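None of the figures in this text is laboratory data; all of them are computed from the coordinates on show. This is a predicted model, so every value here is computed, not measured. Here the Cβ positions follow ideal geometry from the backbone for every residue, glycine too, while neighbour counts run over all protein chains shown.
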Amino acid sequence: MPADFDAMFREYYDDVFRFLRGLSASEHLAEELTQETFYRAFRSIDSYRGESELRVWLCSIARNLYYSHCRKQKHLTGEDVPEDYIADSADLTELIADRELALRLHRVLHTIREPYKEVFSLRVFGELSFREIGDLFDKNEHWACVTFHRAKTMIQNEIKEESE
């Protein structure tokens, strides 16, 4: 493994893992898909054009692997393939710290339509900037910010309704 790829692995492993854990809500699946993401990145590093940040490229690979996994599971179980995710909020960080509320958050998150779900996940779980999220969707930073805040509002309203 080239030294620069080894450095890339060390620098971005946690980011990709957190992103996948947020999408899948499964630590085991996130670990497997993170390993596969870096394997695929290693095999196709020559195709990286540098048009986006390396973390964004890796998360794109990870997202595609996750959706492939979901399609396979749908074929095997008949469940719907999850839609895209959406990410990040300071007041939601406290919510995620509570395991029970985190489970509720994931349940609500899976009911939200795309692209809100994926944008929320990328921001909160993947810890991507709005610029990076915009790049993933071929949109601008403002679009990512607005989409995230709409998703956050949807989630907060749904959790509030469940609590009443």
* Structure fact -> Going from the fewest other Cβ atoms within 10 Å to the most, one would list LEU23, LEU103 as LEU103, LEU23
* To do: Order by neighbour count: VAL16, VAL146, VAL124, fewest other Cβ atoms within 10 Å first, most last.
  => VAL146, VAL16, VAL124
* Ascending count of other beta-carbon atoms within 10 Å, so fewest first, for SER121, SER52 -> SER52, SER121
